[in-house]
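Everything below concerns the one structure shown next.
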Protein chains: 2
Amino acid sequence: MQKIFLAIACGALSVLASLPASADEGMWTYHDFPSQAVAEKFGVRIDQTWLDRVRLGTVRLAGCTASFVSPNGLILTNHHCIESCLAELSTQTDDLIAAGFLASDRGKERRCETQIADVLVGMVNITSQVDAAVTGKSSQDANDARKQTLTQIEQSCETNSQKDRKTGPLKCQTVNLYNGGQYWLYQYKRYTDIRLVFAPERDIAAFGGDPDNFQFPRWCLDMGVLRAYENGKPAKTPNHLSINFDGPAANELVFVSGHPGSTDRLLTVAQLETQRDVELPRWLLRAAELRGRYVQYGKGNAEAARTVEDQLNGLENSIKVRRRQLDALLDDELLASKRAAEQALRDAVAADPQLSQSIGDPWAEIETAQSAYRAMHLPLTFIENGAGWGGRLAGIARLLVRAADERAKPNTERLREYTDAALPRIEQQLAAALPVYPEIEIIRLTFGLERMREWLGPDHEIVRKLLSKESPDELAQRLVNGTKLGDPETRLALWNGGKAAITSADDPLIEFARAVEPAARALRQRYEDEVEAPVEAASEKIARARFASLGTSVYPDATFTLRLNYGTVQGWSENGVAVEPFTQLSRLFERATGAEPFKVPASWERAKATLDMSTRFNLATNNDIVGGNSGSALINAKGEVVGLIFDGNINSISGAYWFDTELNRAVAVDTTIIREALRKVYDAKALATEMGLR
Amino acid sequence: MQKIFLAIACGALSVLASLPASADEGMWTYHDFPSQAVAEKFGVRIDQTWLDRVRLGTVRLAGCTASFVSPNGLILTNHHCIESCLAELSTQTDDLIAAGFLASDRGKERRCETQIADVLVGMVNITSQVDAAVTGKSSQDANDARKQTLTQIEQSCETNSQKDRKTGPLKCQTVNLYNGGQYWLYQYKRYTDIRLVFAPERDIAAFGGDPDNFQFPRWCLDMGVLRAYENGKPAKTPNHLSINFDGPAANELVFVSGHPGSTDRLLTVAQLETQRDVELPRWLLRAAELRGRYVQYGKGNAEAARTVEDQLNGLENSIKVRRRQLDALLDDELLASKRAAEQALRDAVAADPQLSQSIGDPWAEIETAQSAYRAMHLPLTFIENGAGWGGRLAGIARLLVRAADERAKPNTERLREYTDAALPRIEQQLAAALPVYPEIEIIRLTFGLERMREWLGPDHEIVRKLLSKESPDELAQRLVNGTKLGDPETRLALWNGGKAAITSADDPLIEFARAVEPAARALRQRYEDEVEAPVEAASEKIARARFASLGTSVYPDATFTLRLNYGTVQGWSENGVAVEPFTQLSRLFERATGAEPFKVPASWERAKATLDMSTRFNLATNNDIVGGNSGSALINAKGEVVGLIFDGNINSISGAYWFDTELNRAVAVDTTIIREALRKVYDAKALATEMGLR
């Protein structure tokens, strides 16, 4: 499981059913956690103190979750959550992904330039403000007004926090919950100086590689340790979590605090059909081909393999996820349940004349918007959303070109990704001196151009414009070899130079992005007006209908914001065969073939004789998680860390659409193997001590 | 469009509708051609003489169609139908695909070692013999008895023909029409010495390449010329067709005589859903990745690009076809129509107590078989059907290992692909000294092993057996680099040595195939018993129900056997924009970018000033065709060749499931551009004269 594109939350399947009881389903917000249900079922009291403590010990990374595990800013997360950082810090002769890393002292901790760490310190319900701004407007005007309001709220929150001695500067982000049913302002303390402390070797962190991804039983030490710095010193983090190195017991109540990325449990059938018929098949076809190009490139030589590994891993993870999501949507029974639940809600609305009159038929409105979306999906995907270009450098070019126009506008009139609140993060990324691999950039760009020509056709206006005299190969090579955008200084100069600098730039990739921009802008506008606006308006109405039936006794879809859920340590039955909840170290060595990705690293072979072979390695629980939860602590009733979530089983992927009580399982690293590894394999005394290991 | 995996015929959509009238739908057999409908609609009389003449002038190649166009064995077909031969005859310094080929005299014509040419000379209805053999048996016993009967009929036909002075030796093949509704014995005269006469350059034969494939308007001189030889001399072919070099007129009545490969218009909804949910998505994902590997490999250097081109083209063609087939099946309206038609037939059965009692519920039987098929689809695909190994050499190893067992059995007890009637063709292919490219073999084999491990899981028995100590890369390299199966002598020695030779062989690929064989055999048996047998039995019952309602006024699904259909030259309306039926030469030059695949070859640039720019190039018709029809002559009412079918438009791909009168169009080369090219570009006087050009 990885940080990219996964999905879960308020099962449309269960939308009119009673609250989950035996099923420990639900990605609950911290402001609506069902403590009473937990008390009734498990006899465990989760009070506000417990909630606050765990919340403040939970960290959001770029695309992942983590926890503070020492008072000095130490952050525990997954290896696969820091793999990009390891890749960025690696060179041809020093491959940190392969070899692992352990800072011998704090001075040797190395900065992950694009990493951040956010802690959620405040939550404010702003639904009424948003409602007031949009009421009585057409869906397009409402869409604009909604965005302006959200931008304004974020801006004043950030501005005010600058002057607030108690909080200090905050990162303020608005959140849409229940697909427009609620709006919240979430306030974060953000750390931007994050450094690498420890990573095991890839061969043990990801033992089994892609073949084992989303499988269980497993044997992965998928852990990584970072540290947050402030003003050049380790951050003070008194609200850290404690680690219990004895791990959890079978059937023990466990919690997962983290940031599930995205689920689609509340979508209408029309929206799900768009995913099934259009989005998923097209994405999968393109991704599978790109995977083939990466794999073949990586077989060329060791350096190619090293440089492409991080991107390939991410891609393979996403392919596995979306393939299973497509399988789920092709299951006619699942779709029939969704249809029945939708009909039940529509019937409930019809039975309430007042509600019925006030919301009309939002399902039909969404269906109409889906038709519009299907009709524009190909050009939108290739031209605006980047499938037709692609690669890091082309992405930077597009960002610079568009930002030059956007930043010239008043803050509330900008596209939301270029508001003042978003700029510091963009600048951090532009300034990061990350390695650029021109051959991989050329692969990505050539691939994008070739497929854009295939899918839009050689006679499409934009294809003719870009490829009138050059082949995709020739164009990609000229652009990548000619651009200076790999250099942070050049990027920042164009960023700071604004519109004038962009207009006069003769960098070939900037010229390319300028050529694409008018068509891309037009598509974005069409999308916002014909799809986004009516879907937002209709979804808010459906949310009102749902609240009328159920109140907030259901949970919102995942939105990469902080959630807490509960479950128990347990296996499941796969085709009639019982899968035990724990794996043991001994089987790791039995299962190894000596060839990657089933190779045990030399450090473990050396330590083998000293290891306790009965040590628990990985475990399964029935917590309701999804991508973005990677790196989340598995927490016991006392609030101690007893495991480290890093994956789900194969049945967890349909969690995008509904939670399957019988089969959906989360997969975690047991803290007992972390203890064994730190002590006997890595001899990491200082680190172990700081993590509370005596 | 290409020779691989396409699909069409008796629209289940129209199964209970009246005969197509305005729609020129239908892939008619020569023994049931609706001459009366043609006479009524077009006032043209198609009599038995016309039918016999056209049939005997039509040729079946390996996977394609062609026509005799001179009394001396000259064969006209598509360039893409002879691309494999061009690839086989090419070397690093002499690339016939790129440069084209023109034999300066007959002595320079070069043999295509694996090509064959069949002419259909006899058709015998054997339905009653097959019925007699299976009646009263369980579906599994009936399945065995059916195959034994078919093998026996083929065998005696071939044996008898050896002694028949009039016909000479015949190739005898049984054909299943109407999904078990009829069985026929088709008798062919087979030519096995086929030589290359002419091919234009790839850049004009496939102008627009994959981006333009299945598109129209087009500008492709997709032609190739072969010659059949007998006893080392050009074959005497008095029954050839004449070419009319003035091409057809708009709206003119035209016929296509050829061998449509496969359609699924008569399948049940349960079978279509299996394609939609299981077969197509999984195939597409694997094919897209393999495409990526091939593309990336081909970018390495010119020789890699040359050697991978033929396989890549075939793969890209299949991807485009199956992608659109999946789109068609994801169209809920199409499936709803199929469901309605199926229900109507079921209602008709229910209304007839006698019929109802005799056939029971074959639709439910097929549904049950589909569940069994879905459950075994992954291991069957990877282990028995070769997705887990792959490549030419591994295919040969498997063939040798299996044939050694099969040939030891009596003829009627063998798997059908190893009966005596099938052996000469296998021997021809084993003996062909085709080039082998180890790097491509390694790519294929590695890919198969990697994906088998991914899809079956690293702990699957066969995966553990093959990959217990080696990675897919290591294993594939050892097998390909160590095998001698690239050498025809080695292959033939193992073939002739039979079981003893295979058992004692220490060739690593033979050892590999031996290791896979037990699991593969077991899966094949399970498939035949649990899927094939009940589906065959149930399909025969459905065919009986259909005949009871409609007789043979409908046409059977395509089976790569000879069919004739009629239509008219016409364009269509695409999203409200009229597409004209003809393209002109002038636009070819305007559309060229100078970069492949939009590059006009030097020969055409040189001749440009002399060419008549208003010459018609390609054209569209509403004939009902599908893959396998590639290379078919487009024939006017007089029986003259006026064009050369080479593709369909993008809407033709859903022709696998139904014929869309408004949008489905066939695409052909106009004979006028063939005249212009032979005269002015290629200066091919002798060839032009032999083809009847004065």
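Residues of the range B:587-610 losing 40 Å² or more of accessible surface, assembly versus chain alone, probe 1.4 Å, please list them.
B:591, B:593, B:595
For the pair residue A:190 and residue A:250, how long in nm is the line joining their label points, each one 7 Å along Cα→Cβ?
So the label points at residue A:190 and residue A:250 sit 4.7 nm apart.
Since chains A and B are linked by a rotation, which residue in A has the beta carbon closest to its axis, and how far is it in Å?
A:292, 1
Ignoring ligands, DNA and RNA, what percent of the accessible area of chain A is carbon or sulfur (1.4 Å)?
49 percent
Check each residue of the range B:296-336 and keep those whose accessible area, probe 1.4 Å, is at least 30 Å² smaller with all protein chains in place than in the chain alone; give them in order of residue number.
Flagged in the range B:296-336: B:296, B:299, B:323, B:330, B:332.
With Cβ to Cβ distances under 10 Å as the rule, what net charge do the other residues near residue A:116 carry (K, R +1; D, E -1)?
Values: positive: A:60, A:171, A:190, A:425; negative: A:118, A:193.
Charge balance in the 10 Å sphere: +2.
From the label point of residue B:608, set 7 Å along Cα to the beta carbon, how far off in nm is each other copy's matching point, shortest first?
Residue B:608 label point versus its equivalents elsewhere: 7.0 nm.
What is the list of residues in the range B:575-603 whose amide nitrogen lies under 19 Å from a point 7 angstrom out from the Cα of residue B:614, following Cα to Cβ?
Residues B:580-590 qualify, since their backbone N sits under 19 Å from the label point.
Kindly provide the trypsin sites (Lys or Arg not before Pro) of the range A:188-287 that DSSP labels as loop, not H, G, I, E or B, and whose Cβ sees at most 15 other Cβ atoms within 10 Å.
Listed in order of number, the matching sites are A:236.
Run through the other copies and list how far each one's label point is from that of residue B:457, in nm with one decimal, shortest first; the point sits 7 Å from Cα along Cα-Cβ.
Result for residue B:457, in nm, nearest copy first: 4.6.
List the aspartates and glutamates whose Cα sits under 13 Å from the Cα of residue A:166, skipping any in the same chain fewer than 8 residues away.
Residue A:166 reaches no qualifying aspartates and glutamates.
By its C-alpha gyration tensor, with a ≥ b ≥ c as the square roots of the eigenvalues, how is chain A shaped: rounded for a/c under 1.5, else prolate for a/b larger than b/c, else oblate? Provide the component values of the computation, followed by the final result.
Working: a/c = 1.41, a/b = 1.09, b/c = 1.29.
It is rounded, given that a/c, with a ≥ b ≥ c, falls under 1.5.
At 222 nm, what value in deg cm²/dmol follows for the protein assembly as shown if DSSP H runs of at least 4 each add -39500 (n - 2.57) and the sum is divided by all its residues, to the nearest 500?
-13500 deg cm²/dmol
Aspartates and glutamates within cross-link reach of residue A:680: Cα-Cα under 14 Å, excluding same-chain residues under 8 positions apart?
The reachable aspartates and glutamates, counting only those whose Cα sits under 14 Å from residue A:680, are A:605, A:612.
Between residue A:525 and residue B:104, what is the label-to-label distance in nm when each label sits 7 Å out along the Cα-to-Cβ direction?
Roughly 6.4 nm, to one decimal.
Taking square-rooted eigenvalues a ≥ b ≥ c of the alpha carbon gyration tensor, is the range A:494-626 rounded, prolate or oblate, where a/c under 1.5 means rounded and, failing that, a/b exceeding b/c means prolate?
The shape class here is oblate.
Can you tell me the relative contact order of chain A? Whole percent, Cα pairs under 8 Å, sequence separation 6 or more.
28 percent
State in Å² the accessible area per residue of the range A:185-280; use a 1.4 Å probe, count heavy atoms of protein chains only, and round to the nearest integer.
In whole numbers, the range A:185-280 has 26 Å² accessible per residue.
What does the net charge come to around residue B:590 if you take all other residues with beta carbon closer than 15 Å to its beta carbon, with K and R at +1 and D and E at -1?
Summing Lys/Arg as +1 and Asp/Glu as -1 gives +4.
Note every residue of the range B:460-481 with a reduction of at least 50 square angstrom in accessible area, all protein chains present versus the isolated chain, computed with a 1.4 Å probe, or write none.
So the qualifying set is B:464.
Can you list the lysines whose alpha carbon sits under 18 Å from that of residue A:685, skipping same-chain ones fewer than 8 residues off?
Those lysines meeting the cut-off are A:108.
Checking an interface number: how much accessible area is buried between A and B, summed over both chains, with a 1.4 Å probe, in Å² rounded to 100?
4000 Å²
Place the label 7 angstrom along Cα→C-beta at residue A:474 and in each other copy, then list the distances from the first to the rest in nm, shortest first.
Reported distances to equivalent positions: 4.5 nm.
Using a basic spin-label model with each label point 7 Å from the Cα along Cα→Cβ, how many nm lie between residue A:48 and residue A:91?
5.4 nm
For an R0 of 30 angstrom, estimate the FRET efficiency from the Cβ-Cβ distance between residue A:434 and residue A:385 and round to the nearest 0.05.
0.85
Of A:189/A:409; A:189/A:484; A:299/B:299; B:409/B:499; A:465/B:608; B:41/B:638, which pairs sit farther than 23 Å apart, going by alpha carbon to alpha carbon?
Violating the 23 Å Cα-Cα cut-off are A:189/A:409; A:189/A:484; A:465/B:608.
Check each of the GluC sites (Glu not before Pro) in the range A:442-477 and keep only those in coil by DSSP with at most 14 other C-beta atoms within 10 angstrom; list them in order.
Numbers: sites: A:450, A:454, A:461, A:470, A:474; in loops: A:470.
Loop-located and lightly packed - none at all.
The values are calculated or read from the model by the stated rules, or taken from the named source; none is laboratory data. Keep in mind that what you see is a predicted model, and the values were worked out from it rather than measured. Cβ sites come from the backbone with ideal geometry, for glycine too, and all protein chains shown count toward neighbours. What goes into the accessible areas is simple: the full protein's heavy atoms, side chains included, and nothing from ligands, DNA or RNA. Shrake-Rupley method; radii C 1.70, N 1.55, O 1.52, S 1.80 Å.
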